[in-house]
Amino acid sequence: MSNQIMTADIGEFTVTTKPTLFHYSNWCSTRPLQLIYELGLEDIVAVRWIQDKSFITTEAYKREIHPFGRVPAFIDGEFRLIESGAIFLHLLDKHASRLSSELLPPNLRPLLYQYLFFACTSLYDDVLSGAYWSEKPNERVTNYWRSALRPFIESRIVDDGFLESSTFTVLDIAMTYELVQLEKFNEIDETSKLGRYLQRLKKRPSFAKTFA
């Protein structure tokens, strides 16, 4: 891959030395994007907001950015990352100096991996892809969400707080995208414990920037 990347708005090549996230609104690229805002990385990480989704299907984009024509994609020197969870962890590791103990208390790091993979697999792959984004409704998956996964998440929310903590942490960022999608399908009642938690997440300045 060359050291050139394309701009999302004009579809031409431009030289850049900054690590770059390719993002499309309300796709799972929101996960690393919100982390960029929380860590204050806007000065050292470029974000290409893709306006026309057809852009990611071009042969040039597949060749240079993402071989499957999707987002997110993250270019950082010789590395080309194409999974939101991998990008998320790469940003955390590379910019650990900007990660406060409040955003990731040391005792919660093992749980970060749990919730990140829980969001990317149990919620994204199993529930959203398996039932809500599918052309055919899947009652088994819907019941699994309602009877098992949703109660599990609620049991891990600290009263009037966040996941596993009374304060906001990166664990919450790991889960936000999937919860926003489930809310769109009326699977999160705003008066429930999970719904009230999601409303607290929405008050975070980084949420407003990410989901604008």
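The values are calculated or read from the model by the stated rules, or taken from the named source; none is laboratory data. For clarity, every value in this text was computed on a predicted model and none was experimentally measured. Here Cβ is always computed from backbone atoms with ideal geometry, including for glycine, and neighbour counts include all displayed protein chains. With ligands, DNA and RNA removed, areas are computed over all heavy atoms of the protein, side chains included. Shrake-Rupley method; radii C 1.70, N 1.55, O 1.52, S 1.80 Å.
Computed quantities for the displayed model
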read-out	value
Output for region 72-98, where each listed residue is hydrophobic (A, V, I, L, M, F, W, C) and in contact with a helix residue (DSSP H, G or I) (Cβ under 6 Å, 6 or more places away or on another chain)	74, 81, 87, 88, 91
In region 170-209, residue farthest from residue 93 (Cα to Cα) [restricted to those that are open to solvent by less than 10 Å² (accessible area, probe 1.4 Å) and touching a strand residue (DSSP E or B) at 6+ places or on another chain (Cβ under 9 Å)]	194
Positions within region 28-48 being under 19 Å from residue 181 (Cβ atoms) and either out of contact with any Phe, Trp or Tyr (no Cβ under 8 Å at 6 or more places or on another chain) or open to solvent by 40 Å² or more (accessible area, probe 1.4 Å) (or both), in sequence order	33
Unmet requirement for residue 128, which otherwise passes all of (1) buried (at least 18 other Cβ atoms within 10 Å of the Cβ); (2) more than 25 Å from residue 199 (Cα to Cα); (3) of a type outside the set (Asp, Glu)	(2)
Any strands (runs of 3 or more DSSP E) falling wholly within region 1-61 and containing at least 1 residues that are among the aliphatic types (A, V, I, L, M), touching a strand residue (DSSP E or B) at 6+ places or on another chain (Cβ under 7 Å) and modelled with pLDDT under 90	4-6, 13-15
Complete set of residues in region 189-199 that are over 19 Å from residue 28 (Cα atoms) and of a type in the set (A, V, I, L, M, F, W, C)	194
Condition met for residue 156 (open to solvent by 20 Å² or more (accessible area, probe 1.4 Å), of a type in the set (D, E, K, R) and closer than 23 Å to residue 38 by Cβ)	yes
Among (1) under 17 Å from the mean Cα position of the chain (by Cα); (2) at pLDDT 95 or above; (3) in a loop (DSSP other than H, G, I, E, B), the one test that residue 117 misses	(3)
Cβ-Cβ under 6 Å pairs, at least 6 apart or on other chains, region 19-41 side on the phi < 0 side of the Ramachandran plot, far side assigned to a helix (DSSP H, G or I) and charged (D, E, K, R)	37/209; 39/98
Verdict on residue 164 being among the acidic types (Asp, Glu) and either open to solvent by less than 70 Å² (accessible area, probe 1.4 Å) or in contact with a Leu (Cβ under 6 Å, 6 or more places away or on another chain) (or both)	yes
Inter-residue pairs, beta-carbon under 6 Å, first in contact (Cβ under 8 Å) with a residue 60 or more places away in the chain and in region 156-177, second assigned to a strand (DSSP E or B), 6+ apart	168/162; 171/163
Complete set of residues in region 62-97 that are free of Cβ contacts under 8 Å to residues at least 12 places away in the same chain, of a type in the set (A, V, I, L, M, F, W, C) and exposed (fewer than 15 other Cβ atoms within 10 Å of the Cβ)	79, 96
Among (1) closer than 19 Å to residue 132 by Cα; (2) in contact (Cβ under 8 Å) with a residue 40 or more places away in the chain; (3) not small (Gly, Ala, Ser), the one test that residue 189 misses	(2)
Qualifying residue in region 151-167 (condition: aromatic (Phe, Trp, Tyr) and more than 21 Å from residue 211 (Cα to Cα))	yes
